[in-house]
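Here is the structure we will look at, set down as C-alpha cells.
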Amino acid sequence: MALAGFTGNGSLWDGLNDLMKLYRELDDAIAKFIEGSGLACPVGCRICCDTQATKIEATVFELLPQAIIACHEGRASYWLNMLAIAQGDAEARCVFLDHNLPQGGCSIYHCRPLLCRLFGFAAVLDKDARPLPLVCRQMKTADPEVGCHAQQLIDDGVVEVPISVYYASRIAAINPTHGQGLLSINEAFRNAIQLAGLYLALAGSDSGGRPHPDGDDNSPHTPPFGRSA
Ligand code: SF4
C-alpha cells in the first residue's frame, strides 16, 4: 500500500515505508507458512476480531498509516467520534471490525497492525528457543490435529514460522518513539490520528492532509484534532 502524497519530510513519517515493507515481508512469510503447514482460517471467520478491543493491542506507529489515510480522506473527525463512542463501552469492539464485509470483517485489511497479521500464524519461543506455534482455537476445532502437525513440520525444519517477537522488535527499531508501548487498538488509533493531525497542522497542511494554499504564511495553524483521550 502506497502512502501517496506523504513523503518523508519529518520524523513522524520516517519509517512508514519501512513499516509497509515489513508488512509485505511478513505477509510473504505467513503465506509460505500457510502453504507449508496447511493451517488456514475458516472461510469468513472473524471470531478473533469479535472480542473486546482492549484485548487487541498495537503500537501507535502501527496505526499511523491508517491515521494518515483518515486525515487524507477528511475522515479524522468521523473516526474520532467512533472512538469516543467506543471508549465508554467495556465491550466495544475494534472500530475497524465491519460485520457487513463478506470476508473476515476487517475494514483496514492491508493496513492492519502486527498482532492482527500474526494471529494464528506465528510462534513464540520457549526457553530453548524452540518455536511454538500459537494455533487459533477455531482452527483446532476444525481439525484437532492441526497444532501437532504444524509443530512437527516446524521441528523437522520443513516449514518456517514467523516469530512474533522478531517482528515486534523490528517495528520498535524502525520507530523507537511510537513503535513500542502497546495500547488497545482503539486507543492506539486515537493517538495516531491526533499525532498525524497535529503533525499535518504544524507542517502547514489542512486536516485532509493537503498543503495550505498559502503554506508559508506565518499564521498559527490550529491542530485540528485536539480532543484528549
Ligand atoms: S484491525 Fe482488522 S484484523 Fe485487527 S482486530 Fe480490527 S478488524 Fe480485526
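A short reminder: the numbers here are calculations on the coordinates, not readings from a lab. Note that this is a predicted model, so its numbers are computed, not measured. Ideal geometry is used to build each Cβ from the backbone, glycine not excepted, and the neighbour counts take in all protein chains shown.
Cβ-to-Cβ counts within 10 Å put Lys140, Lys127 in ascending order as Lys127, Lys140, the fewest first.
Using a simple spin-label model with pseudo-atoms 7 Å out from Cα toward Cβ, Glu35 and Ala129 lie 2.7 nm apart. The Stokes-Einstein estimate for the stretch 1-151, based on a Kirkwood radius over Cα pairs and taken at 20 °C with 1.002 mPa s viscosity, is a diffusion coefficient of 123 µm²/s.
Normalised by 2.2 N^0.38 Å, with N the number of residues, the alpha-carbon radius of gyration of the stretch 69-185 equals 1.32.
In a simple Cβ point-charge model (Lys, Arg +1; Asp, Glu -1; nothing else charged), the stretch 50-117 has a dipole of about 140 debye relative to its Cα centre.
Each Lys and Arg adds +1 at its Cβ and each Asp and Glu adds -1 at its Cβ; summed about the Cα centre, the stretch 1-122 shows a dipole of about 100 debye.
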